[in-house]
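**Student:** Next up is a structure, given as structure tokens.
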Amino acid sequence: MTWYYHPKLDIYATGFYLGTAGKNIHGYDDQGWWDFSRRIRRFKLYGHHTEQITTQLAPLQQQFSDIVIVPPNRIEKTSTLQSLYGNTLERVKTVSKRTYVHHAHITQEYYDSLTLHTERLTGTSICLLDDICATGKSLHACQQMFPPSYTVTCCALAFSLSLFPECQQKHPGDI
């Protein structure tokens, strides 16, 4: 499987998320990204393609002691990733959705809305995983929840297509 790395954000992803307008972007369908993007969206919203996604993520389970999922913004919502990998990082207070305002600064309210259950971790080598990475702010905010004794590598199922120009092919195992 191909992984992409964004050096400025220090985040890895398995591909690029095109959004609903993606199939209208000339040239990207040649890469198979529209099918990939549609698969990620259906996985995220409906739990479809779970077997394909877990197969893609299997190498991470071998490389890291734990996979920790970035939780959704609402406490009453469980993501498909959480249903597969647990809720070691838990949302204890609903926060406003950051959709379309990714440029906004992460506030203390965001940090206060999270609880890390370190007793659920089996080791100190952590893969912090989010579904879609648009700016990396959520991943980095969640990364700061871990004590310094943990090694945390940030990954996502997909980068927003806007991050493509700065990415390079690189597997999380190459760090």
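**Student:** In nm, what is the difference between 0.36 nm times the number of residues separating Lys97 and His48 and their Cα-Cα distance?
**Tutor:** Once the chain is fully extended between Lys97 and His48, it gains 15.3 nm.
**Student:** Restricting to lysine pairs 8 or more places apart or on different chains, what number in region 4-174 have Cα atoms under 16 Å apart?
**Tutor:** 7
**Student:** Quick one: work out the % antiparallel among DSSP beta bridges in the chain, nearest 5.
**Tutor:** Close to 30 percent.
**Student:** With the chain treated as a Gaussian network of Cα nodes joined by springs under 10 Å, which of Leu128, Leu57, Leu157 yields the largest mean-square fluctuation?
**Tutor:** The residue with the greatest mean-square fluctuation here is Leu57.
**Student:** Which of rounded, prolate or oblate describes region 48-89 when judged by the alpha-carbon gyration tensor and an a/c cut-off of 1.5?
**Tutor:** oblate
**Student:** Using a Gaussian network model on the chain with a 10 Å cutoff between Cα atoms, which of Gln108, Gln52, Gln63 fluctuates the most?
**Tutor:** Comparing Gln108, Gln52, Gln63 in a Gaussian network model of the chain, the most mobile one is Gln108.
**Student:** Take peptides 41-51, 129-139 and line them up by average Cβ neighbours within 10 Å, highest first, as a rough protection proxy.
**Tutor:** 129-139, 41-51
**Student:** Once fully extended, how much extra length lies between Thr118 and Thr151, figured as 0.36 nm per residue of separation less the alpha-carbon to alpha-carbon distance?
**Tutor:** 10.6 nm
**Student:** Sum -39500 (n - 2.57) across every DSSP H segment of at least 4 residues in the chain, then divide by the residue count to get the 222 nm mean residue ellipticity, nearest 500.
**Tutor:** -7500 deg cm²/dmol
**Student:** While we're looking at this one, here's another question. Just grab the label-to-label distance for Ile106 and Ile75, each label 7 Å out from Cα along the Cβ direction, in nm (one decimal).
**Tutor:** Between Ile106 and Ile75, the simple spin-label model gives 2.0 nm.
**Student:** Can you put Val92, Val68, Val152 in order of Cβ neighbours within 10 angstrom, beginning with the fewest?
**Tutor:** Val92, Val152, Val68
**Student:** Among (1) 1.05; (2) 0.94; (3) 0.97, which one is Rg/Rh (Cα atoms, Kirkwood Rh) computed from these coordinates?
**Tutor:** (2)
Only the coordinates and a few stated rules stand behind these numbers; no lab work does. Bear in mind that the values here come from a model prediction, so they are computed numbers and not experimental data. Every residue, glycine among them, receives a Cβ derived from its backbone with ideal geometry; neighbour counts consider all protein chains shown.
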